[in-house]
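Each reported figure results from applying straightforward, stated rules to the coordinates on display, with no laboratory input. Treat the numbers as computed from the prediction; the structure is a model and nothing was measured. Here the Cβ positions follow ideal geometry from the backbone for every residue, glycine too, while neighbour counts run over all protein chains shown.
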Amino acid sequence: MEGDEPAMVVAGDNAGGSGGVRQWDVRLLLDPGACEAAAAHVGFYLFKGLLEKKRIRDLDETTRETLADYVAIVKGCKADPLGRASFGHWTWGIGDDAADEDAEVCVGRVTPITHFTMGGAVINEKSQVLASDLGQESGQLPIRGLWAAGEITGGIHGDNRLGGSSLLECVVYGLTAGEEAARSLSGA
Ligand SMILES: Cc1cc2nc3c(=O)[nH]c(=O)nc-3n(C[C@H](O)[C@H](O)[C@H](O)COP(=O)(O)OP(=O)(O)OC[C@H]3O[C@@H](n4cnc5c(N)ncnc54)[C@H](O)[C@@H]3O)c2cc1C
């Protein structure tokens, strides 16, 4: 958040590396309202050093200008170039009082990544990979000697997944796949 770098952007474009994976560089600023709404996460990220607290008055010039722009948009005094109509729990600067320069915000740098993929190899209850996504219901047989578990598998959660439930395909089917593969090798 220092120097000439952008303060609050939707997505920076400082691609890392030469080709291959593209790393976006996004600046994040949470005002007191947003910090409070996400307090449990914010506490953890502060502890990890991924976010840091700063007073508004200590932010660099570019950040402060961006902040003033953003507040004008939240207040409806300025059109949002991104067309947003909702601004979450943002509170700073939108009340009747003068904006509190001593207010603490949390700042950090983030980049989008893939959190989870839905879909993948279809397996049966023995973790055997099936030959087609229609599975056994259409008479497809398991591929001999191939078991799968974890995020590479699909279909276990239906159309969507409850957050935090990756253990199901990793641990439950990981154990099943291991046992089935061992049994197959031992001829039991
Ligand atoms: C930021 C983040 C937060 C998450 N938080 C949660 C959460 O709170 N709760 C939850 O349930 N899930 C969470 N998930 C999802 C969960 O972490 C994954 O679904 C889970 O780790 C997948 O495990 P996996 O063993 O199937 O795959 P991975 O953990 O991706 O393991 C695959 C392994 O295969 C290796 N590999 C790849 N290609 C090759 C190759 N050719 N040869 C040899 N090895 C190879 C990789 O290096 C890797 O070690 C989160 C994911 C992310 C990214």
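Out of the range 154-167, which residues are more than 8 Å from the ligand (Cβ to nearest atom) and surrounded by 12 or more Cβ atoms within 10 Å (Cβ to Cβ)?
G154, G155, I156, H157, R161
So which of L185, L175 ends up being over 21 Å from M118 (Cβ atoms), under 33 Å from the mean Cα position of the chain (by Cα) and exposed (fewer than 13 other Cβ atoms within 10 Å of the Cβ)? Quick ask: steps written out before the conclusion?
Values: L185 fails: under 33 Å from the mean Cα position of the chain (by Cα).
Checking each option against the conditions leaves just L175.
Just give me the residues in the range 46-57 being in contact with a Gly (Cβ under 7 Å, 6 or more places away or on another chain) and crowded, with 16+ Cβ neighbours inside 10 Å, in sequence order.
The one that is in contact with a Gly (Cβ under 7 Å, 6 or more places away or on another chain) and crowded, with 16+ Cβ neighbours inside 10 Å: L51.
Kindly indicate whether G178 is within 16 Å of the ligand (Cβ to nearest atom) and over 30 Å from K48 (Cα atoms). Before you say what the answer is, go through the steps one by one.
Values: within 16 Å of the ligand (Cβ to nearest atom): yes; over 30 Å from K48 (Cα atoms): yes.
The answer is yes for G178.
Please tell me if I123 is within 16 Å of the ligand (Cβ to nearest atom) and surrounded by fewer than 11 Cβ atoms within 10 Å (Cβ to Cβ).
In short, no.
Looking at the structure I just gave you, is T114 within 16 Å of the ligand (Cβ to nearest atom), over 17 Å from A34 (Cβ atoms) and touching a residue at least 24 places away in the same chain (Cβ under 8 Å)? It would help to see each step written out before you state the result.
Numbers: within 16 Å of the ligand (Cβ to nearest atom): yes; over 17 Å from A34 (Cβ atoms): yes; touching a residue at least 24 places away in the same chain (Cβ under 8 Å): no.
Taking the combined requirement at face value, the residue does not satisfy it.
Within the range 136-151, can one find any residue that is of a type in the set (S, T, N, Q), surrounded by 10 or more Cβ atoms within 10 Å (Cβ to Cβ) and touching a residue at least 24 places away in the same chain (Cβ under 8 Å)?
No, the range 136-151 has no match at all.
Do you know which of the residues in the range 88-113 that are farther than 22 Å from W24 by Cβ and among the small types (G, A, S) is surrounded by the most Cβ atoms within 10 Å (Cβ to Cβ)?
G93
Can you confirm whether A72 is surrounded by 13 or more Cβ atoms within 10 Å (Cβ to Cβ) and either within 16 Å of the ligand (Cβ to nearest atom) or polar (S, T, N, Q) (or both)?
On the way: surrounded by 13 or more Cβ atoms within 10 Å (Cβ to Cβ): yes; either within 16 Å of the ligand (Cβ to nearest atom) or polar (S, T, N, Q) (or both): no.
No.
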